[in-house]
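All remarks here apply to the structure that follows.
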Amino acid sequence: MTRLSVAGVTAMLLFASMSGQTSGQTRTVTDAEVMRVHRSTLLIDTHNDVPSRTVEGFDIGARGNTTGHTDIARLKEGGVGAQFFAVYVAASYVNGNRSANRTLQMIDTVRHDIVGRYSNDFMLATSAKDIEEAHRRGKIAALMGIEGGHAIEDSLRLLRDYYDLGVRYMTLTHSNTNNWADSSGDIDDAKVKHHNGLTDFGKQVVREMNRLGMMVDISHVADKTFWDALEVSRAPIFASHSSSRALANHARNMTDEMIVALAKKGGVVQVNFYCGFISQKFRDNDAADTRALDARMAKETAGKNLSEPDRQILSEKLRKEMNLSRASLADVVDHIEHIRKIAGIDAIGLGGDFDGVSCTPAGLDDVSKYPNLTRALLEKGYSAEDIRKIYGGNFLRVMRAVETAAGK
Ligand SMILES: [Zn+2]
């Protein structure tokens, strides 16, 4: 009964916020309201690449850090309740079969350099219940998601090992097609051997993920891989960091048809904040901007051997100095708004991709800036209940459904 009346109230609020939106009004919101609503959320961001820095020695607990997008102080300032840390394995590790080695090193940096070193601030979480428990204890829940299905080196045994070490999602591909799944990153490259989506083994991977209770993440995959995964998976699937292709025409983003089908199966799209995925204007200027930026980067890095994360940080700094295109907080709101219109409020989440990109939207520059998004959504007429769903409620629902489907 209580559930029913809560749903009824939610429906009314949704209706109110939608009618507010169609009239184009923005309402005035006080700082106190922003902070009250923001604090009432359990903010779960499902993609952050700071482990690619900590594995190189970066100290996530160092005070006064101004480089990159993520450190403990800024996570707290941003009110982040749970963070999925990306166990990112670059495609280059496929050469010489070093993917598993890299995966284990990345898992270690999350467990050792982040959670182990700062156990007063983080709690390793491997379930929806853990996330809520960490939140109750006033700690940030730390979770792991593998980025790039080649991490399992075509072995279900390795997949099970990673699950046992705490990994709770895996993107079936990164930007490289692997031996069992096509990627959006090279789908137009005739030199790459494609499979028309998932191979039979790829379907087995999805089934084994279902059996284990590991979430199937379709960010980065080719469209046909998405449709195959959606069909094969017994549990809802999700996109840990993808946005809308209708608004920004990039193959990494999801078409309306894909978003609606994902939502119908109970899944969620965790909106990515990368400028190139959320702003068509950024995309239209990208060729010229990249030429200018590359020339400047070549000059600045001559004779230096910068790591990939350090290159990203430098590139972002130069982009700002040179006044090249960026996206804005309003672009992120547009993607949220679009997904809500086509698939409903229950289909939206957040996967910022911080420290994985060289351009973040003005106003959402790093993990400390999440309250700005809360303000923007309140101004648009979103209710506190809507915001709690977007920030973590929807994701927790999907994670629980995946656990239930695995009998956990
Ligand atoms: Zn990614």
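Rule-based calculations on the coordinates, nothing more; no lab input. Everything quoted here is computed from the prediction, not taken from an experiment. Positions of Cβ are backbone-derived with ideal geometry, glycine not excepted, and every protein chain shown enters the neighbour counts.
In the chain, taking the dipole from charged Cβ atoms about the Cα centre, the farthest positive-side position among ASN305, SER119, VAL357 is held by SER119. Using only side-chain charges placed at the Cβ, +1 for Lys and Arg and -1 for Asp and Glu, the dipole size of the chain relative to its Cα centre rounds to 760 debye.
Applying the criteria of a DSSP loop state and at most 16 other Cβ atoms within 10 Å to the trypsin sites (Lys or Arg not before Pro) of region 169-249 yields LYS191, LYS193, ARG234. Considering only SER92, ALA82, TYR169, whose Cα is most displaced toward the positive end of the charge dipole of the chain, charges sitting on Cβ of Lys, Arg (+1) and Asp, Glu (-1)? The residue sitting most towards the positive pole is ALA82.
For LEU350, nonlocal amide neighbours, meaning residues 5 or more places apart or on other chains whose placed amide H falls under 5 Å from its own, are THR46, VAL271. Annotation: amide H of SER183 within the under-5 Å range of THR177, ASN178, ALA222, sequence separation 5 or more or interchain, hydrogens built in the peptide plane. By the combined test of axial Cα extent (at least 24 Å) and Kyte-Doolittle hydropathy (mean at least 0.0), the qualifying DSSP H helices of the chain come to 2-22. Among the trypsin sites (Lys or Arg not before Pro) found in region 246-312, those both in a DSSP coil and sparsely packed, with 11 or fewer other Cβ atoms within 10 Å of their Cβ, are LYS304. The HN-Hα couplings worked out from phi for region 67-81 by the Karplus form 6.51 cos²θ - 1.76 cosθ + 1.60 (θ = phi - 60°) are 9, x, 10, 9, 7, 4, 4, 6, 4, 5, 4, x, x, 6, x Hz, whole numbers, x standing for Gly and Pro. Looking at the chain alone, DSSP beta bridges between its own residues are antiparallel in about 5 percent of cases. At a Förster distance of 45 Å, what's the computed FRET efficiency of THR404 paired with GLU321, Cβ-Cβ distance as r, to 0.05? Result of the calculation: an efficiency of 0.35.
Between the amide H of PHE122 and those of ILE140, distances stay under 5 Å, these residues lying 5 or more places away or on another chain, with hydrogens modeled in the peptide plane.
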